[in-house]
Structure formats: C-alpha cells, structure tokens
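Colleague: Below is the structure I would like to discuss, written out as structure tokens.
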Amino acid sequence: MDKIKPLMEANEFEDKVCSGKLTRRQAHKVLASAGVGTAMATSMPGMARADGSDLVMFTWGGYDDAAFAQDYVREYGSPPTYTLFSDQAEAMAKIRAGFEVDVVFPCSSKIGLWYDAGIVEPVDVSMISHWDDVIEPLKHVPGANTADGQPLWVPEDFGATAIIVNTELAPEYADPEMWSWSIFFDEKYAGRLAMFDAVEDHFNLFAIYAGIDFTDMNDEQIETVANLVRESLPNMRLLTSDTTSMTQALFSGEVVASAAWNGMMLTASGEMDATGTQGKYIWMNPKEGALTWVCGLTIDPRTKERGTYEQAHALLDAYISPESQYYELTEWGYGVSNKKVYDMEGITEEYLQSIGLSSDIEAYLASGKFSVHQNRYGEIVNLYEQILAGM
C-alpha cells in the first residue's frame, strides 16, 4: 500500500511557515497529513506560539482592559502581554530603539509616519473576519493606506478633542455663541483650566484657534502658536494626559473647563445622573473646530519571523468584534468602527450626541479639523518640550 502523500513537500512547508503564508491551523493540517503531532508544530521555526501572552501589544493606557480581547483569549487561552505608552512620539522612539512589539495602536496623525519609518506594515484583511463590518469612511482616512491601496491598520475607534465646561462655575459658556478655544485665555478662570500635555493636542488645538493649518506651518505660524501655548500655561491648573485626574478636577470644582475626549463626557454624564445635576457639564464644540481623529491597530513587520503573525491578526479581529466594540462605546464613550454596534441596544442618536458623537461618521470627522501628520513634526515636538521646560 502506498504511503499517503503529504499536502506539500518539506522545503515548501518550511518556506511558507517562515514567510507567514501558512497559518497555524493550516500548518497543523499539513503536519497531521505527514503524521506529525501538533505538539511539534509549536516548536517549528517561525510558527505562531500557542500561548496568548507570547504576543506583545504596545498600546494606550486603558486598552489593556480584558474586555477588548475576549475572542483572542478564547482562542489562545490568555490575553497578550501589554506594554503601555502615553503619547505616540514616545512609542515611536521606543520601537525604533529596538523595543520588540507585535501589535501597536497608533492614531491617524501618525500611522503614515510609522509606516514610512518601517515599524508597521500593511494588515492582511483576509485574516480579519470583521473587516467587512468596518464603517467604510474609516477605511479611507488620510494616510491609512499604502499608495497601492493596502490597509495599514484596522480602524478601531474615533472621536474628537473638544472641551467640557462646568456651567455652574462658568455660566456664560452655556451659550453656544461662547463656545471657543478662547476659554483657555479667559483671565477670569486663570489657574482653573486643564489641557492635554501632548503636541497633537495642546499645540494643534491652539493652531486651530488661530486659524492656522497645523499640518503645514511656516516659521511665523509656528511661532504664533508657540506664543499662544506660552500664554496659556499660567492659566492651567492641570497639564496632563491623565483623563481620570482631569475629570475628577472638574467634578471637585478645582477645574472649570478642560480639554476633553468623548470618554470624559461619558464619565461626566454618569456623574450628572448620579447627582441629579443634568446640564451641569456640557460638551463644548468650539466654533473654530474640534480636533477629530481615528485610531487603529496594526502589526510590526517582524511578526512573521517571530511566529506571531497569525496571533497578531487574531488580536486585531478581537478588538473590532461587536462584543468588544459595544463595550467600548457604552463603557468608554468613544466612537467605534464596527457598524453592527450601531444597531445594538441603547445606541441611539440621542445617546451618541450626549457624548459628542454622531451616527453620520463621515460628516462627523469632516466637521472638525482632522488629525493627520504635520510637516516639521520633529521640530515642533522639540519646541513644545522646550516651552514646557520654561525655555
């Protein structure tokens, strides 16, 4: 009796494993046809490791919440290993210095830059079961695809940077005619304001206030914005990226108004419900424009050689599952990319507007100044750091 012929020859098998063209499940099938058990499969060069914690995700603080990766944990038995960053400049510098990661979570302002730097690569969307459910405009935000149309990431969430104001302490700002970034220069509230301590927010928000295109500033415009940043500093009670500190300062009255992301408004809504003070905190969409953004998950080019290519895609898929995305929209307050979520319980236009969102995603992103990479970014980062250092 002839031996059963393997599904492919050994050399071909090894080439496909090492190049990442063969998934772990496919490899197991081939090995089984040759009489090799799955225990040996995980020791093959370049094979995806079976334990979920072997995958390293480099992400924003909070996105290590176990609720985001439930499908991944069900498949691999444990969550990935998380390492956190607080801003994208820090994250990029760390990766370029040799820090090994598998999955990263950049935003629209930096995804193209990271690709040009060689620290991320296009995603294989054929491995993303929820890809067809991603809201179409989010797939095509500026900088999110290669020149030949390959997606550089899986869009995960979106939102805006605007302002939350305590109308009991600053009643004049309940009037929409007053909604402006100028509140950060209102001497009446000096020392009682809060701002994010990142170029993508602090510097760019004041460029919007000045009517300057922050993506392409000349020397004079950069200096104009730098002077606004300097002028604002004495008015700030808090300069931080810790949204918990910012919301707590709002609730205590220590801060009258704060730059804010949508999730902070969800927290404020919960506070108003708990205390019966509806209308105390409002989402102030400045007349000069909010800063709108999209963030997403992508992979490090070295996942194939490390054997985590399939696992990395499984994690991306888990983060945009309806289950995970519903959790983010209802518990975190950010817009999400999976269109199925908007048909789920409690997701009404009224709810979305209460946290500064909208079901018309394309119009929403266009309503503000969209966050994309700015020319001369390195110079501006250095200048901003010098300003904060008092130079």
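Colleague: So ALA366 fits all but one of (1) crowded, with 24+ Cβ neighbours inside 10 Å; (2) at pLDDT below 95; what number is the exception?
Modeller: ALA366 satisfies every listed condition except (1).
Colleague: Also, I was wondering about something else. Among (1) in contact (Cβ under 8 Å) with a residue 24 or more places away in the chain; (2) within 25 Å of ALA389 (Cβ to Cβ); (3) surrounded by 16 or more Cβ atoms within 10 Å (Cβ to Cβ), there is one condition ARG230 misses while meeting the rest; what is its number?
Modeller: (3)
Colleague: Have a look at TYR351, TYR319, TYR334, TYR327 and point out the one that is assigned by TED's automatic domain parsing to the domain that holds VAL141, within 26 Å of VAL165 (Cβ to Cβ) and under 16 Å from the mean Cα position of the chain (by Cα).
Modeller: On inspection, the qualifying residue turns out to be TYR334.
Colleague: Go through GLU121, GLU172, GLU177 for me and flag whichever is modelled with pLDDT of 95 or more and buried (at least 17 other Cβ atoms within 10 Å of the Cβ).
Modeller: Every option except GLU121 fails the conditions.
Colleague: Next question, about the same structure. Among the candidates GLY356, GLY346, single out the residue that is of a type outside the set (Lys, Arg), over 28 Å from ASP242 (Cβ atoms) and in contact (Cβ under 8 Å) with a residue 12 or more places away in the chain.
Modeller: GLY346
Colleague: Applying the selection to region 261-299, what residues are touching an Asp or Glu at 6+ places or on another chain (Cβ under 6 Å) and surrounded by fewer than 24 Cβ atoms within 10 Å (Cβ to Cβ)?
Modeller: Hit for region 261-299 is LYS280, nothing else.
Colleague: Could you say which residue among SER182, SER245 is within 30 Å of LEU315 (Cβ to Cβ) and not in a strand (DSSP E or B)?
Modeller: Answer to the selection: SER245.
Colleague: Sticking with this one: With in the same structural domain as LEU138 (by TED's automatic domain parsing) and surrounded by 18 or more Cβ atoms within 10 Å (Cβ to Cβ) as the only criterion, which of GLY346, GLY356 stands out?
Modeller: Going through GLY346, GLY356 in turn, just one is in the same structural domain as LEU138 (by TED's automatic domain parsing) and surrounded by 18 or more Cβ atoms within 10 Å (Cβ to Cβ): GLY356.
Colleague: Looking only at region 33-79, count how many residues are at negative phi and modelled with pLDDT under 50.
Modeller: 16
Colleague: Exactly one of these conditions fails for GLY118: (1) touching a strand residue (DSSP E or B) at 6+ places or on another chain (Cβ under 9 Å); (2) among the small types (Gly, Ala, Ser); (3) more than 23 Å from ALA363 (Cα to Cα). Give me its number.
Modeller: (1)
Colleague: Can you tell me which residues in region 128-142 are touching a Leu at 6+ places or on another chain (Cβ under 8 Å) and either aliphatic (A, V, I, L, M) or in a loop (DSSP other than H, G, I, E, B) (or both)?
Modeller: Answer for region 128-142, where residues must be touching a Leu at 6+ places or on another chain (Cβ under 8 Å) and either aliphatic (A, V, I, L, M) or in a loop (DSSP other than H, G, I, E, B) (or both): ILE128, VAL141.
Colleague: Checking the condition surrounded by 15 or more Cβ atoms within 10 Å (Cβ to Cβ) and without any contact (Cβ under 8 Å) to a residue 24 or more places away in the chain, which residue from VAL225, VAL154, VAL165 passes?
Modeller: Exactly one residue qualifies, and that residue is VAL225.
The values are calculated or read from the model by the stated rules, or taken from the named source; none is laboratory data. Remember, predicted model here, so these are calculated numbers, not experimental data. Reconstructed Cβ throughout: ideal geometry from the backbone, glycine too, with neighbour counts over all protein chains shown.
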